[in-house]
């Protein structure tokens, strides 16, 4: 298995395609983020890397709150649009027809059409060069009731997708379940 | 679309299933991490949330280096095993049959069988409660030569998978491409 170098490229699979929400100058706005992930459990923590020039980070800093909205495949066009345009020039909520709701915080606008929504409060902002690493505490998690199965989030109903870059930067849905976690690996215990 | 709360749970889709490598007391060890993601571009940055009690973080702190290995579906059993067992008790490299290689750094052991490997240097360690958020600079990225198509990483050859929790915590492969990024959203521009 010969290895070649890609220099220091940010190539990983999968990356998410989340819609990060904030109130910028009192108006809800969303940006698409692939550079985001869970970082801790108690308290629940999520991070997102954002360029300081982005419109959304202005709102995050104004209110020190934001939302993370997990879209379904039905929203792939809107997700892509929110990564192309800037909220400084267009009203993304109007163009995409997003229905907004709020939870515990008044300034973390969430999207009703997204099956899962995390409401977050900023704990840290770390300068990591081209991007600001925003570290947020998840204060509440919401799910569309239809996406539960016996009270548990059901990935088959949520229908999420990933951002899998290259060769042609595609949004990709999920397929076959290839193993049960904390289970399939037990076979190696006595190997 | 009625929403219900899951309290402040860390529910997002997708999460990765990376193998994080470090040399602990001079011996390569790996842990499985779903709480990891890219955080910046220039320089390229990746983060991973790790409990301070984990064996792997001992090695990360000894050398201030680590690796992120992106597995293919062929390694799902090994990935799960590395998330179940502790390197303080078993030799995961031996059990899993990992072939190790090193790049620019001497202390970031990478797994030959994983199609993509990131070699990283620790920039920051942020205490976020139950977990330490390790912020690393990617100093080099490696790919198995067979996984390139015209010099570009090909997701169909890499065959990655995600960790999609609930209802039964499964590792899930990818399916249909549902849209081309920076493209499908353009349709909304004139809507």
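In this structure, does residue A:12 turn out to be within 9 Å of chain B (Cβ to nearest Cβ), in a strand (DSSP E or B) and closer than 25 Å to residue B:118 by Cβ?
Details: within 9 Å of chain B (Cβ to nearest Cβ): yes; in a strand (DSSP E or B): no; closer than 25 Å to residue B:118 by Cβ: yes.
Spelling it out, it is not the case that residue A:12 is within 9 Å of chain B (Cβ to nearest Cβ), in a strand (DSSP E or B) and closer than 25 Å to residue B:118 by Cβ.
Out of everything in the stretch B:135-150 that is more than 7 Å from chain A (Cβ to nearest Cβ) and within 20 Å of residue B:22 (Cβ to Cβ), what residue ends up being nearest to the chain's Cα centre (by Cα)?
B:136
Of the numbered conditions (1) touching a residue at least 24 places away in the same chain (Cβ under 8 Å); (2) surrounded by fewer than 23 Cβ atoms within 10 Å (Cβ to Cβ), residue A:175 fails exactly one; give the number of that condition.
Result: residue A:175 fails condition (1) only.
Any idea which of (1) within 17 Å of the chain's Cα centre (by Cα); (2) buried (at least 21 other Cβ atoms within 10 Å of the Cβ) is the one residue B:87 doesn't satisfy?
(1) is the only condition that residue B:87 fails.
In this structure, does residue A:133 turn out to be crowded, with 19+ Cβ neighbours inside 10 Å and over 29 Å from residue B:184 (Cα atoms)?
Working: crowded, with 19+ Cβ neighbours inside 10 Å: yes; over 29 Å from residue B:184 (Cα atoms): no.
In short, no.
Out of A:2, A:17, which single residue is at the interface with another protein chain (Cβ under 7 Å from one of its Cβ atoms) and touching a helix residue (DSSP H, G or I) at 6+ places or on another chain (Cβ under 7 Å)?
On the way: A:17 fails: at the interface with another protein chain (Cβ under 7 Å from one of its Cβ atoms).
Step by step, each of A:2, A:17 is checked, and only A:2 is at the interface with another protein chain (Cβ under 7 Å from one of its Cβ atoms) and touching a helix residue (DSSP H, G or I) at 6+ places or on another chain (Cβ under 7 Å).
Being surrounded by fewer than 21 Cβ atoms within 10 Å (Cβ to Cβ) and out of contact with any strand residue (DSSP E or B) (no Cβ under 6 Å at 6 or more places or on another chain) is the filter here; which residues of the stretch A:148-167 pass it? Reasoning before the result, please.
Keep residues of the stretch A:148-167 that are surrounded by fewer than 21 Cβ atoms within 10 Å (Cβ to Cβ), which gives A:148-152, A:154, A:156-157, A:159, A:165-167.
Hits for the stretch A:148-167 are A:148, A:149, A:150, A:151, A:152, A:154, A:156, A:157, A:159, A:165.
Could you look through the stretch A:43-77, keep only residues that are part of a loop (DSSP other than H, G, I, E, B) and touching a residue at least 40 places away in the same chain (Cβ under 8 Å), and pick out the one that is surrounded by the most Cβ atoms within 10 Å (Cβ to Cβ)?
Restricting attention to the stretch A:43-77, the residues satisfying the condition of being part of a loop (DSSP other than H, G, I, E, B) are A:43-44, A:51-54, A:64, A:71-72.
Now narrow it down to the ones that are touching a residue at least 40 places away in the same chain (Cβ under 8 Å): A:43-44, A:51-52, A:64, A:71-72.
On the way: A:43: 16, A:44: 24, A:51: 15, A:52: 12, A:64: 18, A:71: 26, A:72: 21.
Only one residue fits best here, namely A:71.
Can you tell me which of (1) part of a helix (DSSP H, G or I); (2) within 30 Å of residue A:168 (Cβ to Cβ) is the one residue B:80 doesn't meet?
The single condition residue B:80 does not satisfy is (2).
Restricting to the stretch B:155-191, what's the tally of residues that are at the interface with chain A (Cβ under 7 Å from one of its Cβ atoms), assigned to a loop (DSSP other than H, G, I, E, B) and at pLDDT 95 or above?
The total comes to 1.
Residue by residue through the stretch A:95-134, note down the ones that are within 20 Å of residue B:7 (Cβ to Cβ) and facing chain B (nearest Cβ under 9 Å).
A:101, A:103, A:110, A:112, A:115, A:116, A:117, A:118, A:119, A:123
Tally the residues that are more than 15 Å from the chain's Cα centre (by Cα), without any contact (Cβ under 8 Å) to a residue 24 or more places away in the chain and assigned to a strand (DSSP E or B), restricting the search to the stretch B:15-42. Write out each step before concluding.
Quick first cut of the stretch B:15-42, residues more than 15 Å from the chain's Cα centre (by Cα) only: B:23-28, B:40-42.
After this cut, where a residue has to be without any contact (Cβ under 8 Å) to a residue 24 or more places away in the chain as well, the list is B:26, B:40-42.
Okay, now just the ones that are also assigned to a strand (DSSP E or B), so B:40.
Qualifying residue count, the stretch B:15-42: 1.
The values are calculated or read from the model by the stated rules, or taken from the named source; none is laboratory data. Here the structure is a predicted model, which means the values were calculated and not measured. Cβ coordinates were reconstructed from backbone atoms using ideal geometry, including for glycine residues, and neighbour counts include every protein chain displayed.
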